[in-house]
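What follows is a short report on a single structure.
The values are calculated or read from the model by the stated rules, or taken from the named source; none is laboratory data. For clarity, every value in this text was computed on a predicted model and none was experimentally measured. Here Cβ is always computed from backbone atoms with ideal geometry, including for glycine, and neighbour counts include all displayed protein chains. When the accessible area is computed, the model is the full protein with side chains, heavy atoms only, and any ligands, DNA or RNA have been set aside. Shrake-Rupley method; radii C 1.70, N 1.55, O 1.52, S 1.80 Å.
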Amino acid sequence: MLKTRIVLFAAMALLLAAGAAAAHSVTTQTSLAASTPNVLASLKLPGSDESASNAGKFPRAAASGNSIEIISNPGKDVKNWSKLDSATTVGDPVKLGGVNGNTTDRTAAIATAPDGSFYAVWIREGDGIFIRHKPAGGSWEEQRTVLSSGSSLYTVDVAVNYNGQIFVVWNQDSLLRYRISSDGGASWSGTGIVSSKTPRGRTNFRVGGGPGDAAVVGFASSSGRVYGAVWDGSSFTATDLNSPGFAADASARIAPNGKIYVAWRVVDSGVYYAERQSDGSWPITHLAGKDAYGAVSIVADRQSNLHVFWAGNISGGWDEWYAFKPVNGAWQGPVKAPGSASAVVNASGVASIGARVYGHLVSEAFNGSSSYVRYVLFGSDATGVSATPVLDGGNNATNGTSVALTFTNVSGTPTQMRWHWGAPPTDADAWQTYGPTSVPLPSGIDTTASCVQQTLFTQVRSSSDTQATAASDSIIVDRNVQANVEALNPFMAGLPQTYSRGVTDVYTKSTDGAYDGDPGYTRIPQYFLRVVDAGDCSGLKTVSVPASNVTANITGGRYENKITLPQGALQNPGPVTIGISLLDGLNNPGSFSRDLVYDPANTDTTGSNPNTDGLPVLGSGGKVEADTGNSIIRTLSFSGIKVTDNLYRPNNANSQFWGVWIANSRTQVNDPNSSTSTLKWYPARVSSPGSSFTVQWDLFTGLGYGLDRGQAGDYYVYVKFLDGAGNATTGTLSTGKVTLTQGYTIPTRNLPIILR
Amino acid sequence: MKYRGPIILILASAITIAVVALFGWNASRSGRAEESPPILQYPAFPPTPTVAPAPTAGLSVAGANVLAADSFDTADALSRWEIVDPGDVPPEDRSVWAVQDGALVENRTANAGNPNIQETMAVTGGPLWTDYTVTAKVYDQNNGNFGLVTRRQGNSFYRYQIIANQLEGTPKQTLEKVVDGVATPLVTHEQPGYDQRQWHTVSMSVVGSRIRVTLDGAVVAEATDSTLTSGQAGLYTRALGGIRFDDVAIAKP
């Protein structure tokens, strides 16, 4: 038919005209030597076979070191394949969740975090957006919810910036929306809008994260424009990149050197990308011509080398293409993946650096009857040199004055290195022979502070190349033990119930005492030891009290126990100094000294002459009176009080007491010290012990009346005096009869309705 | 009859088209980035063959038995066909069909020209069509799938589909009935498929309960089924582009 010849002639004429129009702006690039990438493997991912209607769509890949993770949604299951970067085979997938709906729209995505872990996200129709985390070298953790709303959610992507902020972006109601988590996905920001521009279709966007809090979204609009939306710390600002033709299927990435890229395809014109400049401009590079299908994927490896993946029909069939640009070199390729006897589209990729520079391409493939996810491994030998520092073998903390420096992820043949604490090295930092060494920590570290993080930036070079972007590793300097240590009166109120009784005390013999008192006194040869981690970054490990023959491990950052005083059961009353030693996770020692006064009722240390010399003594002449108000709360007024004690408040004659011990009775008690007494005594601290003072007292205390208004009648209040160790005077004061008449007041506090 | 003008006129037209296209292209670049040639060059591949003429020029059916016939000589031919994308296909992913160069071409999707593996059909006729034979010539550049549809009403129809030998999927040929979107194979053949980049003639007859398919003159599938009794006839492929249909005829027995 002649109609085909018309097309041919027209096409030739167009080519001539287009060539003449475009020849004036050829770009010249300086080239560093780098081998052209070659194909190392191409295969069908196991477990990805599905019918066309349930095809695994928009496969994604992420890299951390030499670990590659791939994700897609074949059969409406979110599946994850793991492999090493150089491996030419892939094992069976792990199922992470389900998408329920149309696999074209309810997609899954994956991203790498700066700590080497991975985050996978997906949309489950009707339920929302979900995320799972896989720590470096670990397994997938439980699913968390990003968005619990299920309507009109189409396509999701995820990225993590170097500050650890997770960005999840999706298409909903014809707008790109996002949420951010700064705590590993435990909680999420409200939903924001990337741009007011309507994205083209449901799938035309990608998000990337970078150094600091950098993030970028690349997307194509319904009008065929392409945008780079850059995160400024609080919102995205979208810039029209001024595509030279109808744009579609954009992706975006931020390289480790901070450069921001957006790539896209122009209908019938090929693959383009733009690099954001410091002035905010986005000069465009026309990377490859002719036509491209579906997604164009641009990524950067850890050396900031660029990699672009796309699909097209350049050969006249179904092709996948890969191009590679060393950070300081020229573009290499494009390299065509082997034919797959399938239609392929929506190529995406990721790059890694190991023995070689690897490009990992994943795409949708359809063999005429069923679909599957395809994987192609490209490799090239870049001449670039790089290495990543490792401090103290990867330990996260040190208490030394220097750290051991080694390297991992070494590419090329480094011969020299230089470093700087806290910032990338400059020419002021001398080049040294490359290899393991010891690097002194900065001299200005505050050795009294807790957990000072130090970051060492390194740069290596070979005879022909210098690492473009400094790499870094951080370590925490911890030279001290951070802990709160207490040695307390074991009868203190408020201690764990394991170690102290309640507050209902009885007095049936002279050695009975109160369950409260001065924290620095004890009436038995024991004390309560409490050690609590106060932010020690290596954690508390052990506690020991040598004089008490106690050594124990500290778990959960806390240790509590009731311990025997160093001198044993029959020691001399008086001050005791307790030496407590701690070790933290780095074996930093911490020595603590705590003083306590041993103040028993019986001061005899021979065991043969028991006495009560340790008790406080109530002198004569004192009295206590209750006020006459018709209320259960009475003011007890003390006067003429003289209390002496062998150890408490030695410089305060006649007021050597900590507080009072009070009991109520409905009948007069002739002998409050009786061995059969049923009085219930309650301690009350006197803030300013002296000859006269007052105490507010509840006549119902210990009687079990609650707020009963039918308890009018007579009451008797009895008072003993306590020293700091809780020892009580044998002498007792009484108010005499205190009367409540019907209609007495029970003080109450009116709370707002909301608190009732 | 198709246009057979002198070569000189064709060349003149082509140059005119090129100039106009270039003018339009430059005009469309107003306000856009300066275009530059790509910095990467693809490897050289053998040129894609031009589409050879169909085995028999023109459409030679006529008479009272012809229900419909189309050789797609004019752009308005598309209006005689209803495009159907089965399933839940969002508007931006719908298939694009066009009349180009005297054929009905499946041109991928509305999503900026992206290919999609979704099924698509161009159907014609009405629900009262009962017994007929639909015949079409097909040239597949790189789609990989084509077929015919008969007695279509909504999501129910008979369909014959065949996969290109260049794709690895099997079975290569399937005659099936689709009832409310659920396909039941009536005949399957693991092999052979068809070779791309050459014209094929495919026909599908439905007479009573008998269904018969021929490819390039040979019977490739026969079945008996009385589930579907009437409906539209049409062409089938996937929205992957690269395929053209020509000289379609639907005729009563």
Problem set entry | Per-region count, the range B:182-202, residues out of contact with any Phe, Trp or Tyr (no Cβ under 9 Å at 6 or more places or on another chain) and touching a residue at least 60 places away in the same chain (Cβ under 8 Å) | 1
Problem set entry | Which listed residue, of B:134, B:123, is more than 14 Å from every other protein chain (Cβ to nearest Cβ) and within 12 Å of the chain's Cα centre (by Cα) | B:123
For this session: Evaluate the following for residue A:252: is it more than 22 Å from residue A:302 (Cβ to Cβ), touching a strand residue (DSSP E or B) at 6+ places or on another chain (Cβ under 6 Å) and open to solvent by less than 50 Å² (accessible area, probe 1.4 Å)?
Result: no
Seminar exercise, completed: Going through (1) at pLDDT 95 or above; (2) in contact with a Lys or Arg (Cβ under 6 Å, 6 or more places away or on another chain); (3) assigned to a loop (DSSP other than H, G, I, E, B) one by one, residue A:661 fails only at (3)
Exercise. Consider residue B:112 against the criteria (1) among the small types (Gly, Ala, Ser); (2) modelled with pLDDT of 95 or more; (3) closer than 27 Å to residue A:249 by Cα: it satisfies all of them except one. Which criterion is unmet?
Worked result: (2)
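Regarding residue B:18, is this residue more than 30 Å from residue B:152 (Cβ to Cβ), modelled with pLDDT under 60, surrounded by fewer than 16 Cβ atoms within 10 Å (Cβ to Cβ) and of a type outside the set (Asp, Glu)? Before you say what the answer is, go through the steps one by one.
Details: more than 30 Å from residue B:152 (Cβ to Cβ): yes; modelled with pLDDT under 60: yes; surrounded by fewer than 16 Cβ atoms within 10 Å (Cβ to Cβ): no; of a type outside the set (Asp, Glu): yes.
Spelling it out, it is not the case that residue B:18 is more than 30 Å from residue B:152 (Cβ to Cβ), modelled with pLDDT under 60, surrounded by fewer than 16 Cβ atoms within 10 Å (Cβ to Cβ) and of a type outside the set (Asp, Glu).
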Exercise. Looking at this structure, is residue A:572 among the polar types (S, T, N, Q) and open to solvent by less than 50 Å² (accessible area, probe 1.4 Å)?
Worked result: no
Problem set entry | Test set (1) open to solvent by 10 Å² or more (accessible area, probe 1.4 Å); (2) modelled with pLDDT under 90 - residue A:565 fails condition number | (1)
Problem set entry | Members of the range A:61-112 that are assigned to a strand (DSSP E or B) and farther than 26 Å from residue A:137 by Cβ | A:98
For this session: Of the numbered conditions (1) hydroxyl-bearing (Ser, Thr, Tyr); (2) surrounded by 15 or more Cβ atoms within 10 Å (Cβ to Cβ); (3) closer than 28 Å to residue A:518 by Cα, residue A:705 fails exactly one; give the number of that condition.
Result: (3)
For this session: Scan the range A:368-396 for residues that are part of a loop (DSSP other than H, G, I, E, B) and buried (at least 24 other Cβ atoms within 10 Å of the Cβ) and jot them down.
Result: A:368, A:384, A:385
For this session: For the range B:145-157, indicate whether the set of residues that are part of a strand (DSSP E or B), closer than 30 Å to residue B:52 by Cα, more than 13 Å from chain A (Cβ to nearest Cβ) and of a type in the set (A, V, I, L, M, F, W, C) is non-empty.
Result: yes
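Criterion first (assigned to a strand (DSSP E or B), among the hydrophobic types (A, V, I, L, M, F, W, C) and open to solvent by 10 Å² or more (accessible area, probe 1.4 Å)) does residue B:187 satisfy it?
yes
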For this session: Please determine, by comparing only the residues of the range B:95-119 that are free of Cβ contacts under 8 Å to residues at least 40 places away in the same chain and open to solvent by 30 Å² or more (accessible area, probe 1.4 Å), which one is nearest to the other protein chains (Cβ to nearest Cβ).
Result: B:110
Exercise. For residue A:527, which of the numbered conditions (1) at pLDDT 95 or above; (2) assigned to a strand (DSSP E or B) fails to hold?
Worked result: (1)
Exercise. Taking the stated definitions as given, is residue A:208 of a type outside the set (S, T, N, Q), more than 14 Å from chain B (Cβ to nearest Cβ) and open to solvent by less than 10 Å² (accessible area, probe 1.4 Å)?
Worked result: yes
For this session: Mind listing whichever residues of the range A:129-174 are modelled with pLDDT under 95, surrounded by fewer than 24 Cβ atoms within 10 Å (Cβ to Cβ) and not in a loop (DSSP other than H, G, I, E, B)?
Result: A:154, A:172
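Residue-wise test of (1) open to solvent by less than 30 Å² (accessible area, probe 1.4 Å); (2) in a strand (DSSP E or B); (3) farther than 14 Å from residue A:378 by Cβ.
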site	(1), (2), (3)
A:258	no, no, yes
A:296	yes, yes, yes
A:302	no, no, yes
A:310	yes, yes, no
A:314	yes, no, yes
A:320	yes, yes, no
A:327	no, no, yes
A:338	no, no, no
A:345	yes, yes, yes
Exercise. Quick one: which strands (runs of 3 or more DSSP E) sit completely within the range B:199-243 and have at least 3 residues that are touching a strand residue (DSSP E or B) at 6+ places or on another chain (Cβ under 8 Å) and surrounded by fewer than 17 Cβ atoms within 10 Å (Cβ to Cβ)?
Worked result: B:218-224
Exercise. Restricting to the range A:260-281, what's the tally of residues that are buried (at least 21 other Cβ atoms within 10 Å of the Cβ) and either at positive phi or not in a strand (DSSP E or B) (or both)?
Worked result: 3
Seminar exercise, completed: Within the range A:218-267, residues more than 11 Å from chain B (Cβ to nearest Cβ) and among the β-branched types (Val, Ile, Thr) come out as A:230, A:237, A:239, A:254, A:260, A:262
Problem set entry | Residue satisfying condition, being more than 52 Å from the chain's Cα centre (by Cα) and at pLDDT below 95, within set A:709, A:634 | A:709
For this session: Could you please tell me which pairs satisfy a Cβ distance under 7 Å, a separation of 6+ or placement on different chains, a first residue in the range A:223-247 that is without any contact (Cβ under 8 Å) to a residue 12 or more places away in the chain, and a second residue that is open to solvent by less than 40 Å² (accessible area, probe 1.4 Å)?
Result: A:237/A:229; A:237/A:230
For this session: Find the residue count for the range A:606-646, including only residues that are part of a loop (DSSP other than H, G, I, E, B), farther than 30 Å from residue A:705 by Cβ and open to solvent by 50 Å² or more (accessible area, probe 1.4 Å).
Result: 11
